[in-house]
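Reading through the structure tokens given below for one structure.
The values are calculated or read from the model by the stated rules, or taken from the named source; none is laboratory data. This one's a predicted model, so the numbers in the text were calculated from it and none came from an experiment. With ideal geometry, Cβ positions are generated from the backbone for all residues, glycine too; neighbour counts draw on all protein chains shown.
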Amino acid sequence: MITLAPNMDLFKGLTATQVETLWAHFHTCVGHKDDVIFQAGASADMLYLVLQGNVSIIYTPYDGEPMTLAQVGPGKVCGWSAIVGRKSYTSDGVCTTETVLMCIHRQALKDFCRREPAIGRILLMNIADQVSQRWSDARAEIDHIFSEWLQAEASDESPREGEEKMNLPVHSREEQIRALVEQLSAYIEQYHGGGVDFIALEANTLKVRLRGACIGCPLSPTTLHGWVAGTIHQFFPEIEIEAV
């Protein structure tokens, strides 16, 4: 399968030797039709690259019907919650046909980027380009994540005697909430023509602004308190939502 890798956008800018170095850290997994590759709420440990077949990304809003957000085909990645500091996936990844994927554990990817920063940065920027339609400022955010990975201690480094090893968060709470609001906004815009903007996070109060078709819509309270507040509360139950 390694002959397929250099032709994929994910490996754009890498030499064949660099791709082979990276490829050795991926593992193969096979999914059958309707198999769930990853599930919302499960620990976001793995990043997936589709080689053959297709994966549907399905989001179920709070008190709402499941929505198909994207179809991920050959050469594309899914499960990118694993690299943005989220503890769990926010959507389901479901095979729509017989599917072959390559996967890499989040920690293995972090450690690889520390050992091979030149390769790692190109890879992460290529991932950012793939997900930019559903995540604004993806390149800037992922570049920040990459810098934090390089600064963090290696995962296998033992703590000094009398000290506990710390697991530093990759992303701040505000950055995670902002990314979640942006993802919600993409869903609302795709299916209803509206949107929601992150305005500010002040202590435990998240200020947002509805836009587009949501303005004046009689269902906007449902959008605000059902989709937005309900989804935010799944991950940050302490946050109160305020429309401005």
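The table below lists the values:
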item	result
Of the criteria (1) under 21 Å from PHE236 (Cα atoms); (2) among the hydroxyl-bearing types (Ser, Thr, Tyr); (3) modelled with pLDDT of 90 or more, which one SER56 fails	(1)
Residues of region 24-59 satisfying the condition of being out of contact with any Lys or Arg (no Cβ under 6 Å at 6 or more places or on another chain), among the hydrophobic types (A, V, I, L, M, F, W, C) and free of Cβ contacts under 8 Å to residues at least 60 places away in the same chain	ALA24, VAL36, PHE38, ALA40, ALA42, LEU49, LEU51, VAL55, ILE57, ILE58
